[in-house]
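One structure is given below, encoded as structure tokens.
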Amino acid sequence: MTATTTPLALPPRARSTDIVVATLKSEWTKLRTVRSTIWSLLATAGITIGLGTLFSAAIVSRWDHLDAIERLRFDATARSLSGIFLAQLAIGVLGVLVVGSEYTTGMIRTTFAATPRRKTVIAAKAAVLGSVALVVGLVASFAAFGIGQSILQSKHVGASIGDPGVMRAISGAGIYLAAVALLGFGLATIVRRTPGAIAALFGIVLVLPLLARALPSPWDNDVSKLLPASAGESLFSVRSAPDILTPGRAALVLAVWVTVVLAGAFIATARRDA
């Protein structure tokens with residue numbers, strides 16, 4: 001009588017997990033050792049903090065000349081985080097470069113040869129990029145808020161981190177920067193050309209809002225609400241306005257944008273040669 005043994009499923013799963021971990025480590029090494037990464041992250045943090053400080057100081061200098069309506073609508077938190085509008089370009093370009101540079105130099109073929117599971121590679125790149133962008137975005141946002149409020153307090157119009165909606169707004173700013181980085185990454189994976197991906201990203205976050213505002217009412221407002229830039233503004237604003245979404249709906253809109261673009265990146269990677 002001979003006994004038959006059934007192979008356990010654990011070793012293949014273990015190997016699969018090892019591949020994922022190794023791929024994440026590899027992508028982390030690539031990201032942190034590339035000079036453009038450091039400069040892009042420094043630019044993101046510097047712009048967020050620097051412009052937030054500048055705009056906070058500017059509003060303080062002319063506070064006494066503002067009318068009652070402007071003072072009533074003033075959002076101290078959003079003012080200190082207003083540097084996000086320019087910082088999103090720096091973090092978005094980083095997202096493009098993470099994969100666009102590999103396609104440009106042809107190094108992506110080496111990457112796929114080392115890890116034939118292309119979806120695993122793309123997922124690892126997105127995970128590492130998103131995590132780094134989120135951390136840097138949150139640190140920069142908290143720093144910009146702290147410095148901005150210390151300036152605004154000279155006119156006694158600053159906000160406290162414990163005020164309703166403030167913590168959500170600061171966190172939303174960091175989340176928005178991470179989302180823009182992933183949008184840039186997804187576009188670069190689809191387009192496979194760095195200049196084209198940067199142009200597409202700038203078109204989405206800068207040009208589309210301008211085109212939407214040119215539409216007749218009420219289409220201008222309805223379309224603008226569904227764009228990433230408008231969703232981001234809703235996330236890092238405390239005071240709600242009739243022409244922007246609530247933070248919950250804004251987060252959903254932003255998630256849809258990122259999901260659709262990343263889904264397109266996965267499909268393009270799986271169906272096309274490197």
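The charge dipole of region 181-265, taken about its Cα centre with unit charges on the Cβ of Lys, Arg, Asp and Glu (plus for the first two, minus for the last two), comes to roughly 200 debye. For Cα Rg over 2.2 N^0.38 Å, the candidate list reads [x] 0.99; [y] 1.18; [z] 1.08; the entry that matches the value derived from this model is [y]. The GNM of the chain, with springs linking C-alpha atoms under 10 angstrom apart, assigns the highest mean-square fluctuation among 114, 250, 199 to 114. Taking every alpha-carbon pair under 8 Å whose residues sit at least 6 apart, the chain reaches a relative contact order of 23 percent. FRET efficiency for the residue 107 to residue 64 pair, using the beta carbon distance and R₀ = 51 Å, is estimated at 0.35. Just tell me the longest site-free run in the chain, where the sites are trypsin sites (Lys or Arg not before Pro) in a DSSP loop having at most 10 other beta-carbon atoms within 10 Å. No qualifying site falls inside 63-271, the longest such stretch. Calculated [222 nm] ellipticity per residue, helices only, for the chain: -25000 deg cm²/dmol; basis is -39500 (n - 2.57) per DSSP H run with n ≥ 4, divided by all residues, nearest 500.
Between residue 86 and residue 193, the modelled label-to-label distance comes to 3.0 nm, taking each label 7 Å out from Cα in the direction of the beta carbon.
Relative to the first principal axis of the alpha-carbon coordinates of the chain, what is the inclination of helix 10-33, with its axis defined by its Cα atoms, in degrees from 0 to 90 and to the nearest 10? Roughly 50 degrees, rounded to the nearest 10.
Here r is the Cβ-Cβ distance between residue 252 and residue 15 and R0 is 45 Å; the resulting FRET efficiency, rounded to 0.05, is 0.75.
Between the residues 174, 184, 226, the greatest Cα displacement towards the positive end of the dipole of region 19-271, with unit charges on the Cβ of Lys, Arg, Asp and Glu, is found for 184.
Could you calculate the FRET efficiency of residue 74 with residue 243 from 1/(1 + (r/R0)^6), where r is the beta carbon distance between them and R0 is 25 Å, rounded to 0.05? According to the calculation, E is roughly 0.90. As a rough footprinting exposure proxy, the listed residues 37, 246 were ranked by other beta carbons within 10 Å of their own, and the order from fewest upward is 246, 37. Near residue 105: Cβ cut-off under 13 Å, other residues only, Lys/Arg at +1 and Asp/Glu at -1. The net charge is +3. Let me know the shape class of region 186-247, please: from the alpha-carbon gyration tensor, a ≥ b ≥ c as square roots of the eigenvalues, rounded when a/c is under 1.5, otherwise prolate if a/b is greater than b/c, or oblate. Here region 186-247 falls in the oblate category. Charge tally around residue 170: other residues with Cβ under 15 Å, Lys/Arg +1 each, Asp/Glu -1 each, net 0. On full extension, the segment bounded by residue 25 and residue 160 gains 44.7 nm, given 0.36 nm per residue less the C-alpha separation.
Every read-out reported here was derived from the displayed coordinates using simple, explicitly stated rules and does not represent laboratory data. A quick note: this is a predicted structure, and the numbers were derived from the prediction, not measured. Here the Cβ is made from the backbone with ideal geometry for all residues, glycine too, and neighbour counts use every protein chain on show.
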